[in-house]
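Just so you know, all these numbers are worked out from the coordinates, no wet-lab data involved. In this text, all values refer to a predicted model and were calculated from it rather than measured experimentally. Cβ placement follows ideal geometry from the backbone for every residue including glycine, while neighbour counts extend to all protein chains displayed.
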Amino acid sequence: MDRQAKAVVCREWGQPVQVETITVEGPKRDEITIKIAACGVCHSDLSATTGKIPYPPPLVLGHEAAGVVVEVGEGVTAFKEGDHVVSTFISMCGKCSQCVRGRPVLCENARKAMFNLPDGTVRTKGADGEPLNVFGACGVMAEFATMHVDNCVKVDETVPMQNAALVSCAVMTGVGAVFNTAKLEPGSRAAVFGIGGVGLNAIQGCVTAGAEMIVAVDSNPTKLAMAKEFGATHTVNINEVEDAAKAIKKMTGGVDYAFECVGAGPVVEQAYKSLGRGGTAVVVGVADPKDKTSLTTLTLPADERTLKGSWLGSARPQHDFPRILGLYKAGKLKLDELVTRTYPIEEAAQAFEDMVAGKNARGVIVFD
Ligand SMILES: [Zn+2]
Ligand SMILES: [Zn+2]
């Protein structure tokens with residue numbers, strides 16, 4: 001059935017987001033409709049409103065949400081009404097060589113579902129009946145969303161929705177970079193560059209994986225204080241040192257793992273330079289396509305260093321989301337503390353402003 005839903009929509013690049021009443025159609029084959037309970041506000045949503053992520057408007061924002069299944073389409077067996085689910089913007093076909101080898105974030109068919117559902121169409125319409133694109137096959141910054149089952153992961157019903165929502169982007173990206181991409185060994189020394197929602201999660205991923213030293217690097221003292229709350233053992237304020245990499249090397253002798261959570265060539269260089277022999281630098285931040293980085297080539301073989309990238313924490317959503325929520329339930333990951341502030345959907349524009357101002361670890365839009 002069709003449902004009316006308030007939704008956060010980007011109508012034009014460079015303009016503030018708008019809250020509109022849209023129509024969300026019911027599910028077709030292999031799709032489900034979710035009543036959204038909470039949706040995190042992510043920098044990627046912002047990037048879609050500026051055109052840095054060039055999804056064509058009109059676009060329903062949101063990819064980091066949790067909610068309850070209210071309708072299932074034909075052929076759906078894995079979900080039923082009342083199930084709690086988290087969205088995932090990773091579209092995976094399950095059949096290509098990347099999916100088959102357990103790397104769904106690299107699915108060869110994922111690009112077919114960047115701003116529409118995997119079949120190339122959408123279930124969302126504006127007031128004039130015009131189709132509305134959906135961010136990352138999700139479009140979950142709305143009271144309802146109809147998604148393909150592959151973009152949904154069933155989760156534990158005892159986890160508060162606003163916490164569960166964050167797993168699908170910020171938490172997975174940061175924690176997954178440590179667990180899945182770096183496979184950090186206990187007793188290691190690590191540095192995390194850039195303390196936003198992702199950086200904080202990289203820090204707590206390092207804690208959970210058993211890192212011995214964790215150096216947080218940022219220019220904002222408030223964020224460095226947050227980093228300590230999430231388990232950083234040391235901090236470096238880049239405004240107070242001449243060279244962050246040198247400062248880290250002095251503290252640690254060179255780290256085993258460096259996580260770059262900014263997405264900027266010069267920061268990647270710093271992360272790489274802070275490594276000790278045999279160290280691995282993981283680039284998590286999403287840089288501008290024209291951005292470049294440079295490093296001393298000889299150090300790759302002579303120090304056996306590694307430079308690698310991590311996309312959504314090398315996630316296997318169906319496996320990793322429940323695993324991460326299990327760690328939260330066991331008291332080994334902080335999720336409550338990540339939600340700095342919640343907003344009703346009417347205050348979506350404010351939530352975006354506060355994110356730009358760096359006020360929140362995470363701001364979350366909550367629905368009635
Ligand atoms: Zn995100
Ligand atoms: Zn695939």
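Side notes on the structure shown:
- Each residue of the stretch 336-342 was assigned a 3J(HN,Hα) from its phi angle through the Karplus expression (A = 6.51, B = -1.76, C = 1.60, θ = phi - 60°), giving 3, 5, 6, 7, 6, 8, 10 Hz with x at Gly and Pro.
- Difference of contour (0.36 nm per residue) and Cα-Cα distance, Asp336 to Asp288: 14.2 nm
- Column: log10 I(q)/I(0), Debye, Cα scatterers of the chain, q = 0.06, 0.15 Å⁻¹: -0.21, -1.27
- Karplus (6.51, -1.76, 1.60) ³J(HN,Hα), θ = phi - 60°, over the stretch 179-194, in Hz, Gly and Pro reported as x: 6, 8, 7, 7, 6, 4, 8, x, x, 7, 10, 9, 10, 10, 9, x
- Val134 long-range amide H proximity, modeled H, under 5 Å: Val60, Asn116
- For Met355, Met92, order by how many other beta-carbon atoms lie within 10 Å, fewest first: Met355, Met92
- Sequence-distant residues sharing a close amide H with Glu71 (under 5 Å, placed H): Thr33
- Helix-only mean residue ellipticity at 222 nm for the chain, each DSSP H run of n ≥ 4 adding -39500 (n - 2.57), per residue, nearest 500: -6500 deg cm²/dmol
- Sequence of Asp368, Asp288, Asp256 once ranked by neighbouring C-beta atoms within 10 Å, starting from the fewest: Asp368, Asp288, Asp256
- Taking amide H positions as modeled 1.01 Å from N, with prolines and chain starts lacking one, the residues under 5 Å from Arg341 and 5 or more places away or on another chain are Arg362, Val364.
- Distance in nm between pseudo-label sites at Thr299 and Glu108 (7 Å out along the Cβ direction from Cα): 3.6
- Each of Met172, Met114 was scored by other Cβ atoms within 10 Å of its Cβ. Arranged with the fewest first, they read Met114, Met172.
- Cross-link check: pairs Lys52/Lys292; Lys95/Lys154; Lys223/Lys332; Lys112/Lys154 evaluated at a Cα-Cα cut-off of 28 Å; no pair lies beyond the cut-off.
- Taken about its Cα centre, the chain carries a charge dipole of about 1100 debye when Lys and Arg each add +1 at the Cβ and Asp and Glu each add -1 at the Cβ.
- Here the Karplus relation 6.51 cos²θ - 1.76 cosθ + 1.60, evaluated at θ = phi - 60°, turns the backbone of the stretch 6-12 into coupling constants of 6, 9, 9, 10, 9, 8, 8 Hz, with x for every Gly and Pro.
- Put simply, the stretch 204-267 fits an ellipsoid with semi-axes of 17, 14, 12 Å; these come from the alpha carbon gyration tensor as the roots of five times its eigenvalues, largest first.
- Per residue, the average separation of C-alpha pairs within less than 8 Å and at least 6 apart gives the chain a relative contact order of 17 percent.
- Between helix 197-209 and the chain there is an angle of about 60 degrees, using the helix long axis and the longest principal axis of the Cα atoms.
- Degrees, to the nearest 10: 317-329 long Cα axis against longest axis of the chain: 70
- Between Asn220 and Met1, the C-beta separation translates, for a Förster distance of 56 Å, into a calculated FRET efficiency of about 0.75.
- Taking the charge dipole of the chain about its Cα centre, with +1 at Lys and Arg Cβ atoms and -1 at Asp and Glu Cβ atoms, the residue from Thr208, His84, Gly276 reaching farthest to the positive side is Gly276.
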